[in-house]
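K.L.:
Have a look at this one.
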Amino acid sequence: MRPEIKGLSLSRKKAYFYLFIFYFLLFNIIGCEAFVRKFTRKSKKADQTVEMVLEPQEYTAAQLSKEELYRQYFLYWKSWHDELLNALAYKASGKKQIDCAQEAMKNLVNMSRLLNEDKRRKLEMYISKLEGLLDAIKGDVYGDRNAANFQAAEKLKNNIMRDFTYPKIKNYML
């Protein structure tokens, strides 16, 4: 007769014990490398040398001609002014409208630096109109005058496009 302990025969307990030992050894031999790597201590790499920059180098951008600069500023002005018109048309936030107007004005000022005195005065007249529009936008906190501001901005854009495209202004550059 075989002795039984708590419902299992002794041979069955031995089989479970050997099976447990077999799986335990199998997992230890194969191992989970990622698991092992996760918990192994990594050596400190103190012997790595850090390359120091002793002489910083300054890379200059390619110098653009006045013609290219004017075309670039004109393109930037046009895109910012279009963005202003969109912001006014779709009732974007006041901050967006103000930023667009300021960027458009900045590019108009840069354009005026490249023109002779006569054309510069004419462009400065448009810049002052844009400043007035900017003040109107800043004063219109609730967006009640978006339609009027849109019309003023559109009229200003058409006037500048009519008078200051590069083919019409190329003879008046410094």
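K.L.:
For the stretch 26-82, which positions are of a type in the set (Gly, Ala, Ser), surrounded by fewer than 12 Cβ atoms within 10 Å (Cβ to Cβ) and at pLDDT 80 or above?
P.N.:
Applying the first criterion (of a type in the set (Gly, Ala, Ser)) to the stretch 26-82 yields 31, 34, 43, 46, 61-62, 65, 79.
Restricting the remaining residues to those that are surrounded by fewer than 12 Cβ atoms within 10 Å (Cβ to Cβ) gives 31, 34, 43, 46, 61-62, 65.
Selection gives 65 alone.
K.L.:
Then there is this: Condition first: more than 29 Å from the chain's Cα centre (by Cα), charged (D, E, K, R) and farther than 18 Å from residue 75 by Cβ. Now tell me which residues in the stretch 151-174 satisfy that.
P.N.:
Within the stretch 151-174, just 155 meets the criteria.
K.L.:
Same structure again: If you check every pair at least six apart or on different chains, which have Cβ atoms under 7 Å apart with a residue in the stretch 130-144 that is at positive phi first and a residue that is part of a loop (DSSP other than H, G, I, E, B) second?
P.N.:
143/91
K.L.:
Please verify whether the stretch 38-47 includes one or more residues that are part of a helix (DSSP H, G or I), among the polar types (S, T, N, Q) and either over 24 Å from residue 168 (Cβ atoms) or assigned by TED's automatic domain parsing to the domain that holds residue 154 (or both).
P.N.:
No, because not a single residue in the stretch 38-47 is part of a helix (DSSP H, G or I), among the polar types (S, T, N, Q) and either over 24 Å from residue 168 (Cβ atoms) or assigned by TED's automatic domain parsing to the domain that holds residue 154 (or both).
K.L.:
A follow-up question, please. With respect to residue 148, determine if the residue is closer than 18 Å to residue 76 by Cβ and not acidic (Asp, Glu).
P.N.:
So residue 148 fails the test.
K.L.:
To continue, here is another question. Which one is surrounded by the fewest Cβ atoms within 10 Å (Cβ to Cβ) among residues in the stretch 110-161 that are small (Gly, Ala, Ser) and more than 18 Å from residue 86 (Cα to Cα)?
P.N.:
Per the stated criteria, the residue is 139.
K.L.:
Could you check the stretch 148-174 and list, in sequence order, the residues that are without any contact (Cβ under 8 Å) to a residue 24 or more places away in the chain and closer than 18 Å to residue 120 by Cβ?
P.N.:
Hits for the stretch 148-174 are 162, 168, 171.
The values are calculated or read from the model by the stated rules, or taken from the named source; none is laboratory data. Remember, it's a predicted structure, so these values are computed and weren't measured experimentally. Glycine also receives a Cβ, built like all others from the backbone with ideal geometry; neighbour counts cover every protein chain displayed.
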